[in-house]
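Input: a single structure, listed below in structure tokens.
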Amino acid sequence: MAAKLKKGDEVIVLTGKDKGKKGNITSVDPKSGKAIVDGINIAIRHVKQSQNDQGGRQPKAMPIQLSNLALVDANGKATRVGFKMDGDKKVRYAKTTGDVI
């Protein structure tokens, strides 16, 4: 099945502590159905000091379920993603506006 959300897409969070926040997807794990979005679902991780790194308490973006994310359309609102044939290519489009992504 084709991916509805991909790396680099701007998304909005639908549920959870970061509801309503927007960000760009940095990585997607289709097997677990999760994505990492920069600035969303931040947790504090304790990192041991090394020769190259200072260490201490550092913020880290944790994975979030794909079902809790929605693509942002041209109007800045959440939209669902559909697929259609554009000539001989399969393309993604925003269901609210009908624009090709």
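The values are calculated or read from the model by the stated rules, or taken from the named source; none is laboratory data. This one's a predicted model, so the numbers in the text were calculated from it and none came from an experiment. Cβ sites come from the backbone with ideal geometry, for glycine too, and all protein chains shown count toward neighbours. Protein only, heavy atoms only, side chains kept; ligands, DNA and RNA dropped before computing areas. Shrake-Rupley method; radii C 1.70, N 1.55, O 1.52, S 1.80 Å.
For this structure, a couple of remarks:
- Among LYS90, LYS19, LYS77, the largest mean-square fluctuation in a Gaussian network model of the chain (Cα springs under 10 Å) belongs to LYS90.
- Averaged per residue, the chain has 70 square angstrom of accessible surface, using a 1.4 angstrom probe with ligands and nucleic acids left out.
- Most positive-pole-ward Cα, VAL81, GLN58, THR96, against dipole of the chain from beta carbon charges: GLN58
- Relative contact order %, the chain, counting alpha carbon pairs below 8 Å whose residues are six or more apart: 21
- For the chain, the direction-averaged projected area of the alpha-carbon convex hull comes to 8.4 nm².
- Environment charge at ILE42 (Cβ cut-off 14 Å; Lys +1, Arg +1, Asp -1, Glu -1): +3
- For the pair LYS6 and ARG57 in one chain, pulling the backbone fully straight at 0.36 nm per residue adds 15.4 nm over the alpha carbon distance.
- Springs between Cα atoms under 10 Å define the GNM used for the chain, and in it the highest mean-square fluctuation of GLY23, GLY87, GLY39 occurs at GLY87.
- Debye log10 I(q)/I(0) for region 48-101, one point scatterer per Cα, at q = 0.20, 0.21, 0.24, 0.30 Å⁻¹: -0.78, -0.83, -0.96, -1.10
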